[in-house]
Amino acid sequence: MKLPSFDYQAPASLAEAVALLAAGDGSARPIAGGQSFLPVMAFRLAEPSLLVDLRNIPDLSGIKISDAGVRIGAMARWRDLLDDVRLAEAMPLLPAAIDHVAHYQIRNRGTVGGSLAHADPAAEMPTLALTCEAQIDVVGAKGERVLAAADLFTGALQTSLEPDEIIVAVRFPAWAKTKRWGFEEFSRRRGDFALAGVALCYDETEGRAANVRIGAISVADTPIRLKNAEAALEGRAVDAASIEAAMAAASGEVDPAGDIHASARYRKALVGTLLGRALESAAGRKAR
Amino acid sequence: MAIGFEVNGRAVSVDCAPRTTLADCLRHDLKLTGTHVGCEHGVCGACTVIVNGDAVRSCLMLAVQAKDAKITTVEGLSMEEGLTPLQTAFKKHHALQCGFCTPGMLTTLHALLSEEPHADEDRIRDVISGNICRCTGYITIIEAAMDARSSYQSGEGDKA
Amino acid sequence: MKTHAHTSNTYIGAHIERVEDYRFLRGEGQYLDDVSRDGQWHAAFVRSSVAHGRIRSVDASAALAMPGVHAVITAADIEGDIPTIPFRRPNPTIGPYAQPVIARDKVRYFGEPLAMVLADTPELAEDALAGVMVDIEALPAIIDRESAMADKILLFEQTGTNVPTMFNADKGDVDAAFASADYVIRDQFATQRQTALPMETRGLLAEWDAQTGRLSVSGAAKLPFFNRTTMAKMMNLPDEAVDYIELDVGGGFGARGEFYPEDFLVAFGARKFGHPVKWIEDRREHLMAIGHSREASCDVELAFKKDGTLVGMRGALYINIGAYVRPNGMTPVRNAAQFMSGPYRIPAIHLDAYACVTNKTPAGTYRGPGRYEGCFFIERLMDQAAGALGIDRLDIRRKNLLTHEEMPYPLATVLPSDGRADTQCDSGDHRVTFDTCVKESNWAEKAKLQGKLIDGRYQGIAIGCFIEGGASGPQENVRMLLEADGMVSLFAGSSAIGQGLETILAQIAADSLELPMERIRVFHGSTTYLKMGWGSYGSRATVMGGSAVLDASKKLLDLFRASAAKRLGVAPETLTIAEGVAKAADGRSVPLAEVAGDRLEVDGSFKNNTPTYTYGAAMAHVAVDPGTGHVDVVDYVVVDDVGRIINSMTLHGQVMGAAVQGFGSVFSEELVYNAEGQLLVGSLADYLVPLASDYPVVRCVSMESFPSPTNPLGAKGAGEGGIIPVGGVVANAVANALQDFGVQPKILPLSPSRVWELIDDARLRA
């Protein structure tokens, strides 16, 4: 499983990187941590002519926390997020979810931007971005643009990025300290891709849920929002009855595929189970 | 491509094709065969080395990406005669059988305990879950790591 | 109980740290890919992507034009008949099913070698695979035993059947037994296809010396001597012209070290072109190329008296052995038949065990071959029968367990004979290990949790029993040499596959020579050390190799006695020898090191065709999450009696490691094929072996109450027992946890998806 042959460049600026990609006729690929893409190449499922390594480009990493929310540079590694104690305060859903990403060594190289660009529906970051309505800053040959997370993911391992576009950062909107949240995923072993997962957050006003956002992992070709489950909770108290209704709605609205690890029927039920557990922990967690 | 980096305290320069992984470069260009390759797709952890203080999978890193890095392999944990406290604990607890996963276990645990000498059993299990061992069932590996913590707590973790 | 050889016993039985660890811990082990030769070429294999088909053409011209490519070997390069891989234990009907070393007319499994590319580097060799154009006319694929046994589509048209062999296991009058029974339980079960998955993939380095006409093959494991002879025959060379060299081996577990097609092809390339050829199997091809195992199903009945006394067992076992009969392909089939009765006294047995060929990777052995499968089947039946008869599951087992008074106890006779038709449990009292397991596992307390929902998880416990065969015959050899530096070199025919052979044999040699272990150097495995040896398979190295060491030690001490007597000018029989010193009656003495110049050298051997039977019991306590179907192994206790413990630390390592492998078998490891016969598992992200976070608790207790009478050490093979009971015990624990739902797991693995579906089906039924 040796890698196929390719050229390699590690430019020192974004402009250079974009130019290299643009000149590559679609067969040049940017590489961040490489923790997902190098295995793809090892299986020779991708054979790019040129890898443009983003590691020498300044200002692509870093985590900025402000009133506007949390901005994570594309080259920030999983471990940078887990090491940043401010996040537990600023957006606790993030570290809770990222704790499920792969293993120790992978987290030392894998990046947030790489995960978004890889667009694996079984990964955590794409669903987090979608659920929290994050904005993705992108730079390409035609200039900068901002993509809503919902517009980034177009299919399994497919995005709306042009071949010359590079993700610069992901920006999560402001997170009210009183926000309630939950994250549950289930995988066959520690660090494996989830058989299903749920990320959610909502505001609570006068005992009722508002702005309910529920995203699911690994039950479709892309990360998806569970709109029916959201509707089942919006404006209601999060209690046994509404949780049950949301669970049923979640299982009802997904149409997952079966594979060698789990049947479709199981995944459909599992997403409801996990939603129930995530809601219970969200509701049960002490209000801050 | 010609690149230079530091391995086990020694400056080296190699000429590698871009597609050469760090693992293959260490093993075949630099003859540091203590780093083992068990899957070449980033799952088994046998190829773990320490790059600038972080444990990483050397099959998921290109040699050209190691430019100017400081790398420690299992050989770098064994510079002097004798065994380090972690290696001694592995022997004492029978934390290895065929020995193939062992270099990756040692580098991973060395990186972890250097940074987190008070890591508890759950943390150690969690970290080592990225390294596959087919022989031991892991229980003795966890015992060895727990036993070796005291040497890291006293700053003697890398002394043979 | 028989007395065994006297030793001073300083090392044997102790907790001795391993001598091989030092080099492994310092990264100084030498595995196959750590060795290279100047001018070596690298091999890569073109493998069939079609499971069943007729080969129209294999065109390598594009590959040959690629940079760095020296040659492409296809079936066309082999003159005459394609050599086939021989059987380790032949029987009258399996001949036509042997695997040719390369496919010429037909492919029969996904992954079958079609061509070998030789290039300057592994990268270039792999690049060139895409340049070999293969045209295959696809035939319908047979993937399960039902379609195999229908015999409508045949893998080997000339034989007229997809069943190479049916073994019968027989004992007593089974019809009479069933006629006399008060209660009969019948059920069907299945275990899934798996592989051993050693952490080091296979690899070979072949070198041909045209001047001397010698072939050297590095990368040996398990049985170098058999493979050497096989290779010599295929190459039309005398045995002495072929060396098999054993380096450090990254795990075996039954699969590694058998003779595979690549063994021949790599050597063929080296000889044809005069360049050393190296091949390192990659992990993806490992999953499709190394031996698979464990795909078994059954339809069996147990007959009982009202009080739970077993009177008979009958039924059929079906083993899906894949596309060819590999060297060891029949072992799981015949073992399942012979050992399914396990440690239970069953006076009448009739089992038909069918080997079925299908378009899947050919199967061989994996740790506890046939025994794991059989144990799952019978333990599931025992628990269900206990429930139906209203007998406590401890009592129904204890009532039927073999006792010391019944030893040696004959198992069913298996025909056609492969040389092991008759066998008997050699020693032991199964009630002792069983009761120890009950006590160690705190059964009485745990039983109170049975079926209870605690913190959202259903608790279940179960216990089961097993026997493990070991000490496979027929012989093992060693050579012992007193070196000029006073060290004793021990050359062993046994192989090291990660089990600590160097330590074990050094312990035995040191004790029997009464020398410190530091004075013993162990060399093993390679055919260059001994004229003939056997290796390490069927948990044999400690008993067979160790007993041969005892023989050699005795002979070496005799030579020492003679040498010392000569020096002292006394009669040899007047000397006393202790701790490496020969003492005369007058007080003068000669230490061993002083006669080092005499080149004392002896051959030792041990012949034995009587297997040993380690046995024991295991308890599992599980907790099942009904929402996810996840099963947690809360506690696991395994108790075995190994006759005599040589090294308690390595023994526990074997048992614990095997138990955790068993959890992988029960819960997660599965080689899944689609209907077209394509293997859907191609990475370690899909073949799910246990991780460090999965099974934190395994407790082992090893006993040595009943030494084996079969060998002077009194020891029994003990590398496999840990895995054998896991399937049955864990599945029973899951059934017990879910007793309120009436869930009865019959098919492994118990993946979360499957467990949840069992629960959900029960809910829907209710």
Next item on the list: Pick out, in residue order, every one of the trypsin sites (Lys or Arg not before Pro) in the stretch C:598-667 that is DSSP loop and has at most 15 other C-beta atoms within 10 Å; say none if there are none.
Entry: C:Arg599
Margin query: Quick check: the distance between the Cα centres of the stretch C:495-549 and the stretch C:355-407, to the nearest angstrom?
Written below: 33
Note to self: Averaged over its residues, how many other protein chain Cβ atoms are within 10 Å of peptide B:61-70's Cβ atoms?
What the structure shows: 3
Next item on the list: Go through the stretch C:153-163 residue by residue and turn each phi into a ³J(HN,Hα) via Karplus (6.51, -1.76, 1.60, θ = phi - 60°); whole Hz please, and just put x for glycine and proline.
Entry: 10, 10, 6, 10, 4, 5, 8, x, 8, 9, 10
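Using 0.36 nm per residue, how much length does the chain from C:Thr93 to C:Val672 gain when fully extended, once their Cα-Cα distance is taken away?
205.5 nm
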Next item on the list: Check the straight Cα-Cα distances from A:Lys64 and name the lysines below 22 Å, setting aside those fewer than 8 residues away within the same chain.
Entry: A:Lys177, A:Lys179
Notebook entry, point to check: If you build the Cα gyration tensor of chain C and take the root of 5 times each eigenvalue, what three semi-axes come out, in whole angstrom, biggest first?
Noted result: 41, 38, 23
Checklist line | P(r) weight above 24 Å for chain B, C-alpha pairs, percent | finding: 29
Next item on the list: Using a 10 Å cut-off on Cβ to Cβ distances, tally the other chain neighbours for every residue of A:176-186 and report the average as a whole number.
Entry: 1
Checklist line | Cα centre as origin, Lys/Arg/Asp/Glu Cβ charges: the stretch C:533-664 dipole, Debye | finding: 700
Notebook entry, point to check: What is the order of C:Trp534, A:Trp175, fewest Cβ neighbours within 10 Å to most?
Noted result: A:Trp175, C:Trp534
Check: What distance in nm separates the simple spin-label points at C:Asp586 and A:Leu45, each placed 7 Å from Cα in the Cβ direction?
Finding: 8.4
Notebook entry, point to check: Taking the Cα centre of each part, how many Å lie between the stretch A:15-59 and the stretch A:120-153?
Noted result: 18
Checklist line | Peptides ranked, highest mean first, by Cβ atoms within 10 Å: ranges B:71-81, B:100-110 | finding: B:100-110, B:71-81
Notebook entry, point to check: Over chain C, what is the percentage of antiparallel beta bridges among all DSSP beta bridges, to the nearest 5?
Noted result: 75
Item checked: Percent of beta bridges antiparallel (DSSP, the stretch C:202-257, rounded to nearest 5) -> 55
Check: According to the Cα gyration tensor, what semi-axes, each the square root of 5 times an eigenvalue, does the equivalent ellipsoid of the stretch B:2-77 have, listed from largest to smallest in whole Å?
Finding: 16, 14, 11
Next item on the list: Inverting the mean 1/r over all pairs of different Cα atoms, compute the Kirkwood radius of the stretch B:85-153 and quote it in Å.
Entry: 11.5
Note to self: Once you place label points 7 Å from the Cα toward the Cβ at C:Asp38 and B:Gln153, how far apart are they in nm?
What the structure shows: 5.5
Item checked: Amide hydrogen neighbours beyond the local backbone of C:Gly643, cut-off 5 Å, H modeled -> C:Ser705, C:Phe706
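What is the average number of partner chain Cβ atoms found within 10 Å of a Cβ in A:195-201? All intermediate terms of the calculation are to be shown ahead of the outcome.
Working: counts 5, 1, 0, 0, 0, 0, 0.
If you average over the peptide's residues, the count of other-chain Cβ atoms is 1.
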Next item on the list: Could you calculate the FRET efficiency of B:Glu6 with C:Asp485 from 1/(1 + (r/R0)^6), where r is the beta carbon distance between them and R0 is 35 Å, rounded to 0.05?
Entry: 0.30
Check: Projected area of the stretch A:180-283, taken from the Cα convex hull and averaged over every viewing direction, in nm²?
Finding: 5.9
Margin query: For the stretch C:520-603, which GluC sites (Glu not before Pro) pass both filters: DSSP loop (anything but H, G, I, E, B) and at most 14 other C-beta atoms within 10 Å?
Written below: C:Glu579
Next item on the list: Going by C-beta contacts inside 10 Å, put C:Lys555, A:Lys179 in order with the fewest on the left.
Entry: C:Lys555, A:Lys179
Margin query: Can you compute the helix-only [θ] at 222 nm over chain B? Use -39500 (n - 2.57) per DSSP H run of at least 4 residues, normalise by all residues, nearest 500 deg cm²/dmol.
Written below: -8500 deg cm²/dmol
Note to self: What distance in nm separates the two pseudo spin-label positions at C:Asp395 and C:Asp299, each 7 Å out from Cα along the beta-carbon direction?
What the structure shows: 3.4
Item checked: the stretch C:128-153 residues near the modelled C:Ser61 label - backbone nitrogen below 18 Å, point 7 Å along Cα→Cβ -> C:129-136
Item checked: By average C-beta atoms within 10 angstrom, highest first, the peptides B:124-131, C:654-661 -> C:654-661, B:124-131
Notebook entry, point to check: When DSSP beta bridges are limited to those with both residues in the stretch C:123-249, what percentage is antiparallel, rounded to the nearest 5?
Noted result: 55
Checklist line | Derived scalar couplings ³J(HN,Hα) [the stretch C:58-64; Karplus, 6.51 cos²θ - 1.76 cosθ + 1.60; whole Hz; x for Gly, Pro] | finding: 10, 10, 9, 4, 5, 5, 5
Check: Taking every pair of alpha-carbon atoms in the protein assembly as shown, what share in percent sits in each 20 Å bin, from 0 to the bin with the longest distance?
Finding: 11, 39, 37, 12, 1, 0
Next item on the list: Sort the stretch C:12-129 into rounded, prolate or oblate with this rule: let a ≥ b ≥ c be the square roots of the eigenvalues of the Cα gyration tensor; rounded if a/c is under 1.5, and if a/c is not under 1.5, prolate when a/b is larger than b/c, oblate otherwise.
Entry: oblate
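Exposure proxy check: B:Ser58, C:Ser693, B:Ser154 ranked by fewest other beta carbons within 10 Å? Please report the intermediate quantities before stating the final value.
On the way: B:Ser58 30, C:Ser693 20, B:Ser154 11.
Ascending Cβ contact count within 10 Å gives the list B:Ser154, C:Ser693, B:Ser58.
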Check: Tell me, how many Å apart are the Cα centres for the stretch C:638-700 and for the stretch C:244-286?
Finding: 25
Next item on the list: Hand me the chymotrypsin sites (Phe, Trp or Tyr not before Pro) from the stretch C:655-731 located in a DSSP loop with no more than 15 other Cβ atoms within 10 Å, in residue order please.
Entry: none
Check: So what J values fall out for the stretch C:464-473 if you push phi through Karplus, 6.51 cos²θ - 1.76 cosθ + 1.60 with θ = phi - 60°, rounded to Hz, Gly and Pro as x?
Finding: x, 10, 8, 10, 10, x, x, 6, 3, x
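For the stretch B:96-136, what does the equivalent ellipsoid look like in terms of its semi-axes, each the square root of 5 times an eigenvalue of the Cα gyration tensor, given largest first in whole Å?
19, 11, 7
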Margin query: Rounded to the nearest 20 debye, what is the charge dipole size of the protein assembly as shown about its Cα centre when +1 sits on each Lys and Arg Cβ and -1 on each Asp and Glu Cβ?
Written below: 1440
Next item on the list: Name the residue farthest towards the positive end of the dipole of the protein assembly as shown from the options C:Gly535, A:Ala176, A:Ala150, assuming +1 on Cβ of Lys and Arg, -1 on Cβ of Asp and Glu, about the Cα centre.
Entry: C:Gly535
Next item on the list: Please state, as a whole number in µm²/s, the translational diffusion coefficient that the Stokes-Einstein equation yields for chain A at 10 °C and 1.306 mPa s, with Rh defined as the Kirkwood radius across alpha carbon pairs.
Entry: 82
Notebook entry, point to check: With charges set only on the Cβ (+1 for Lys and Arg, -1 for Asp and Glu), what does the dipole of the stretch A:124-200 come to about its Cα centre, in debye to the nearest 20?
Noted result: 440
Next item on the list: Starting with the highest mean, order A:275-285, C:622-632 by the number of other Cβ atoms within 10 Å, averaged over the residues of each peptide.
Entry: C:622-632, A:275-285
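Values quoted throughout were computed directly from the atomic coordinates according to the rules given, and no laboratory measurement underlies them. Keep in mind the model is a prediction, meaning the values are calculated, not measured. Neighbour counts are summed over all protein chains in view; Cβ atoms, including those assigned to glycine, are modelled from backbone coordinates with ideal geometry.
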